[in-house]
Amino acid sequence: MEKVCIEIENLELSFLDRLVLDISRLVVHQFDRIGIVGKNGAGKSTLLKLMDGQIHPDKGQVKHFADFAYFDQLSSPEESEVEPELLGRLSIPKTVIDKFSGGEKTRLKLAQLFSTYHEGLLIDEPTTHLDQEGIKFFIEELSYYYGALVLVSHDRYVLDKLVTKIWEVEDSRVTEYTGNYSDYVAQKELQKRQQLEGHENYLKEKNRLMKAAEQKMMKAAKITKANGQMSKREVNDIPNKTFMTKSKGTSQKSVQRAAKALEHRVEQLEVVDAPKEERLIRFHQSESLKLHNKFPIMAERLTITIGDKTLLEEASFQFSLGKSIAITGKNGAGKSTLIRHILQQGEGLTISPKVVFGAYEQMNYQFKQDQTVIAYMKERSDFKESKIRAVLHSMNFTGNDFKKHVKDLSGGEAIRLVLCSLFLGRYNVLVLDEPTNFLDVFCMEALEQFIKGYEGTVLLVSHDQTFVDNVADQVYSIENHKLVLQNK
């Protein structure tokens, strides 16, 4: 029997008046590999901090029976011993930490984490700043790790490769699913189909009972009429005249009682709601924005240099109209530089004069406008308010979120609002630089639906393999200063 490493029992945790976590029992065993998923703000990182002992619950307890290390994406790395081999494998520069980029800091913290053995690892969003090489290293290291792993991640590819259980955090509860992320999605789809079947059976039985009750009431009405004045012909039309006796009133009451009994059975039926239907949102473009060039963005032997460094050498490409084009490559290869060059319509490019760019770049968005979310969107879009609300809802804006002032939004909310405004805005080419960073899995899947329903052209940079596989029509990779078209 596997050793218990962490045990959570009868736990409750609230922030202000909101119940964040309500857990009757959760257990992490010695060789568990658990992935935690849920919407932004659901409590994923909070759960991890509870398990690490950084936060204490209002009720219940977290028992530790093993030594765990904790990895947090937001904290800066501290000075500590690191295996030289890991420093080399992760290409960590020999300079002061203050000068490290986000990706270099993440790689150093991972090197520190893997330099010392722990019986368990609690890891929060480790791949946010990693390129594909860094993600590959992370997966390889943990594939051979001998211990308990609890991982919060929005990277579905990483979850598929590393975990064998999913903990879904939703409405303060944690539900456990067996298998990796793809298995979890399949189980959720099965639940949805079963719910739909249950809903259809519920409606069928409800309609049957209601119809039977209606027929009983009609029969009672006929008896009532028989008690009054009926023509000879109406009397002859009644097939069973036995009720036309002294017990007419009794017959009428018994039929009405039967009808009431059927109505009561309807009330007693267990209501099964229809599952929420996810419809593909279409972003139709006005005639004035439509492009007619087969290739709105082209380059012939484009070279990009920064100082003495050549990032791209004699690159030729034709980006097709209405397609989603992904650019991949290592950190520092020049992906962001290339798309910035395109946005600035720099030298060596041929860009259709009717192109209207909308851009999402890697930065901390902070609004200064004193507008509500819905007012901000309506000012920047020609779509109807119902469509705007549907798009915002897909990105997890609900209820009072529409009335929030944009200057008061959190960083994650601001990022989601910017993405919504791009797809609903007056653009025909969207340029998205790492748009999935800081999105939860559910918002990421909503973004995929946005891209699939968008009529314009999308140019994107991403290290998220699953995201690229799901949305890109064409994939280019920057390798050794060359732009190479990949086979899909």
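The values are calculated or read from the model by the stated rules, or taken from the named source; none is laboratory data. Just so you know, these numbers come straight off a predicted model, no measurement behind them. Glycine gets a Cβ as well: all are built from the backbone with ideal geometry, and neighbour counts include every protein chain shown.
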Could you pull out every one of the helices (runs of 4 or more DSSP H) wholly within segment 17-130 that has 3 or more residues that are closer than 27 Å to GLY411 by Cα, touching a Phe, Trp or Tyr at 6+ places or on another chain (Cβ under 6 Å) and in the same structural domain as GLU445 (by TED's automatic domain parsing)? none
Number of the exception - ASN470 against (1) closer than 23 Å to VAL373 by Cα; (2) out of contact with any Leu (no Cβ under 7 Å at 6 or more places or on another chain): (1)
Just one of TYR181, TYR177, TYR146, TYR157 is exposed (fewer than 14 other Cβ atoms within 10 Å of the Cβ) and either touching a helix residue (DSSP H, G or I) at 6+ places or on another chain (Cβ under 9 Å) or at pLDDT 85 or above (or both); which is it? TYR146
Is it true that some residue in segment 403-413 is within 28 Å of LEU130 (Cα to Cα) and buried (at least 18 other Cβ atoms within 10 Å of the Cβ)? yes
Being of a type in the set (D, E, K, R) and modelled with pLDDT of 90 or more is the filter; apply it to segment 430-447 and report the residue that is surrounded by the most Cβ atoms within 10 Å (Cβ to Cβ). ASP433
Any residue that is assigned by TED's automatic domain parsing to the domain that holds LEU302, farther than 26 Å from LEU159 by Cβ and aliphatic (A, V, I, L, M) - is there at least one of those in segment 399-409? yes
Considering only residues that are in contact (Cβ under 8 Å) with a residue 60 or more places away in the chain, hydroxyl-bearing (Ser, Thr, Tyr) and out of contact with any strand residue (DSSP E or B) (no Cβ under 9 Å at 6 or more places or on another chain), which ones fall in segment 410-435? none
Given segment 322-396, what helices (runs of 4 or more DSSP H) lie entirely inside it while holding 2 or more residues that are over 26 Å from LYS276 (Cβ atoms) and over 21 Å from the mean Cα position of the chain (by Cα)? 335-343, 373-379
What are the residues in segment 56-74 that are at pLDDT below 85 and out of contact with any helix residue (DSSP H, G or I) (no Cβ under 8 Å at 6 or more places or on another chain), if any? LEU74
Taking segment 293-321 and keeping residues in a loop (DSSP other than H, G, I, E, B) and without any contact (Cβ under 8 Å) to a residue 24 or more places away in the chain leaves GLY307, ASP308
Segment 390-409 - residue that is β-branched (Val, Ile, Thr) and touching a residue at least 12 places away in the same chain (Cβ under 8 Å) and, of those, nearest to GLN366 (Cα to Cα): VAL406
Say we look at segment 19-34 and pick out the residues that are touching an Asp or Glu at 6+ places or on another chain (Cβ under 6 Å) and within 14 Å of LYS63 (Cβ to Cβ); which of these is surrounded by the fewest Cβ atoms within 10 Å (Cβ to Cβ)? ARG25
Does segment 323-337 contain any residue that is hydroxyl-bearing (Ser, Thr, Tyr) and touching a helix residue (DSSP H, G or I) at 6+ places or on another chain (Cβ under 6 Å)? yes
Given the residues TYR427, TYR476, which is the only one that is in a loop (DSSP other than H, G, I, E, B) and either modelled with pLDDT under 90 or in contact with a Leu (Cβ under 9 Å, 6 or more places away or on another chain) (or both)? TYR427
LEU196 - would you say it is surrounded by 13 or more Cβ atoms within 10 Å (Cβ to Cβ), in contact (Cβ under 8 Å) with a residue 40 or more places away in the chain and outside the structural domain of ASP67 (by TED's automatic domain parsing)? yes
Quickly run through segment 173-211 and pick out the residues that are among the hydroxyl-bearing types (Ser, Thr, Tyr) and more than 25 Å from the chain's Cα centre (by Cα). TYR202
If you go through segment 430-454 one residue at a time, how many are part of a loop (DSSP other than H, G, I, E, B) and touching a Phe, Trp or Tyr at 6+ places or on another chain (Cβ under 6 Å)? 3
Of the conditions (1) crowded, with 18+ Cβ neighbours inside 10 Å; (2) over 28 Å from LEU409 (Cβ atoms), the single one that GLY358 does not satisfy is (2)
Within segment 384-402, can you find the residues that are surrounded by fewer than 10 Cβ atoms within 10 Å (Cβ to Cβ) and small (Gly, Ala, Ser)? SER386, GLY399
Looking at LYS99, LYS109 in this structure, which one is closer than 18 Å to TYR70 by Cα and either basic (Lys, Arg) or surrounded by fewer than 17 Cβ atoms within 10 Å (Cβ to Cβ) (or both)? LYS109
